[in-house]
Amino acid sequence: VMSRSLVATISASGSSVNTGVGTVSATSADVDLDGTLTTTGVVKLQTSTAGRTIGLGGGSGNYNLTDAELDQVTAGSLEVGRSNSGNILINNISPANTGKLVLRTGGSVTECSADAAADITIANLAMDSATGVNVDVDVTNLAVKNSGAGGVDVTDTAGGMTVNSITN
């Protein structure tokens, strides 16, 4: 099992990390992923500071990953955030090379714009929040846990979604 804890910007320009199996964990203030991360296991990209907001696919945050950067990850599961991260703001992501996307936050998971298009497109999606979820998705399997105040509003833009429970 490979696990790395970094308290800095991750920059792997043109290089790659391939563990074959196991977990790749990167904890940092922000991330700049120019290379690739590959495992058949789990890739965890986590904020190093509690309350740090996460922007995905152009959503604004202190910790940002573009859709192109998410495509640089090849894994059985990609986990972004942790239970004490700030809000996650999403603007049209579709991680191309991972079987499951897991979003974890001590805040909310929210779409960037209130349009009818899918904010997240992936076969398997799990969201674990504390203060609400409001996103449009194109997924086959969805698991949502909201442990505190705030509602859950998930719109299936394509149809055919199955709702499951989250297992940690």
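The values are calculated or read from the model by the stated rules, or taken from the named source; none is laboratory data. This structure is a prediction, so every number in the text was calculated from the model and none was measured. Surface accessibility is based on the protein's heavy atoms, side chains included, excluding ligands, DNA and RNA. Shrake-Rupley method; radii C 1.70, N 1.55, O 1.52, S 1.80 Å.
Quick notes on this structure:
- Subset of segment 66-88 that is open to solvent by less than 20 Å² (accessible area, probe 1.4 Å) and of a type in the set (Val, Ile, Thr) - its residue that is farthest from the chain's Cα centre (by Cα): VAL73
- Matching strands (runs of 3 or more DSSP E) fully within segment 58-168 where at least 1 residues are under 21 Å from THR27 (Cα atoms): 63-65, 77-81, 88-90, 100-104, 109-111, 124-129
- Candidates are the residues of segment 38-57 that are outside any loop (DSSP other than H, G, I, E, B) and open to solvent by 20 Å² or more (accessible area, probe 1.4 Å); the one that is nearest to SER129 (Cα to Cα) is GLN46.
- ASP115 being of a type outside the set (A, V, I, L, M, F, W, C) and at pLDDT below 95: yes
- Residue in segment 79-91 that is of a type in the set (Gly, Ala, Ser) and modelled with pLDDT under 95 present: no
- Among the residues listed as VAL133, VAL154, the single one being open to solvent by less than 10 Å² (accessible area, probe 1.4 Å) and not hydroxyl-bearing (Ser, Thr, Tyr): VAL133
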